[in-house]
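Written below as structure tokens is the structure these notes are about.
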Amino acid sequence: MEEKSNLVEENKEVRSLPRIGSKAPQFEALTTHGTLKLSDYKGSWLILFSHPADFTPVCTTEFVGFQKIYPELRKMNTELLGLSIDSVHSHIAWVRNIKENFGVDIEFPVIADLNKDVAEKYGMIMPEESSTEASRAVFVIDPDQVVRAIIYYPLSTGRNMDEMIRLVTALQATDEHHIATPADWRKGDKVIVPPAVTTELAEERVNDDSLECVDWYFCKKDL
């Protein structure tokens, strides 16, 4: 009975994941750039992402894609940190292989999470899909180390790199200007003004020539 109880608790831990708005779980892990801690990224944005395995085709396309957007992300004070349940030697060999075969030098670090410590803290393992590989998870963590966005993809589907840029840009715009962003928003598009919370403010909104209002609750403006 005790053994069954322990198994249930273990499964709960594997399936747990941080929530948007919660503090990101702290960790210290071996990476291709040496030992790194989450706290090393305090003060900058971080995209922490997991991939199923080294030397696999979909993951290779993603690493090439992440590297291509990495310079732009760094201009946005945003770092990349990859992870899979592989050894650091496997990571190093794969990164070197990508450079040799694709001409792309992977500049961001990759966590070697053989003991699944980080993957389990972040709920990156989906036992129904695979108990030995991490899913394609994405965690966007802000400079205060708060989780701001979470995206999951299945093993079979590669991620969209444009969405990584769009998402971080939107989150940073929200923090700076206290606005929201509509569907398919891109930098330069109009943003959404928070809805009015009083009848007086609602009346002001619909009569404000600087806003583009469809109704009192739906107003846009230029940044």
* **Counted residues, the range 169-211 - those being of a type in the set (A, V, I, L, M) and either over 30 Å from Asn77 (Cβ atoms) or assigned to a loop (DSSP other than H, G, I, E, B) (or both)** => 9
* Out of Arg96, Arg74, which single residue is under 18 Å from Leu48 (Cβ atoms) and open to solvent by 50 Å² or more (accessible area, probe 1.4 Å)? -> Arg74
* To do: Can you run down the residue pairs with Cβ atoms below 7 Å, 6 or more apart or on separate chains, where the first is in the range 78-98 and of a type in the set (Phe, Trp, Tyr) and the partner is in a loop (DSSP other than H, G, I, E, B) and surrounded by fewer than 18 Cβ atoms within 10 Å (Cβ to Cβ)?
  => Trp94/Phe55
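Residue-wise test of (1) on the phi > 0 side of the Ramachandran plot; (2) at pLDDT below 95; (3) assigned to a strand (DSSP E or B).
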position: Ile98; (1), (2), (3): no, no, no
position: Asn101; (1), (2), (3): no, no, no
position: Asp105; (1), (2), (3): no, no, no
position: Gly123; (1), (2), (3): yes, yes, no
position: Ser131; (1), (2), (3): no, yes, no
position: Phe139; (1), (2), (3): no, no, yes
position: Pro143; (1), (2), (3): no, no, no
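Matching residues to (1) over 13 Å from the mean Cα position of the chain (by Cα); (2) surrounded by fewer than 18 Cβ atoms within 10 Å (Cβ to Cβ):
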{"site": "Ile111", "(1), (2)": "yes, no"}
{"site": "Asp117", "(1), (2)": "yes, yes"}
{"site": "Tyr122", "(1), (2)": "no, no"}
{"site": "Ile125", "(1), (2)": "yes, no"}
{"site": "Glu128", "(1), (2)": "yes, yes"}
{"site": "Ala137", "(1), (2)": "no, no"}
{"site": "Asp142", "(1), (2)": "no, no"}
{"site": "Arg148", "(1), (2)": "no, no"}
{"site": "Ser156", "(1), (2)": "yes, yes"}
* Structure fact -> Reported set for the range 36-74 where residues are touching a Lys or Arg at 6+ places or on another chain (Cβ under 8 Å) and farther than 19 Å from Glu100 by Cα is Phe49, Ser50, His51, Pro52
* Which numbered condition trips up Cys59, out of (1) at pLDDT 95 or above; (2) more than 17 Å from Tyr152 (Cβ to Cβ); (3) touching a Pro at 6+ places or on another chain (Cβ under 8 Å); (4) open to solvent by less than 90 Å² (accessible area, probe 1.4 Å)? -> (2)
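The values are calculated or read from the model by the stated rules, or taken from the named source; none is laboratory data. Computed from a predicted model, the values in this text were never measured in an experiment. Counting neighbours? That spans all protein chains shown, and the Cβs are built from the backbone with ideal geometry, glycine included. Only protein heavy atoms, including side chains, enter the accessible area calculation; ligands, DNA and RNA are left aside. Shrake-Rupley method; radii C 1.70, N 1.55, O 1.52, S 1.80 Å.
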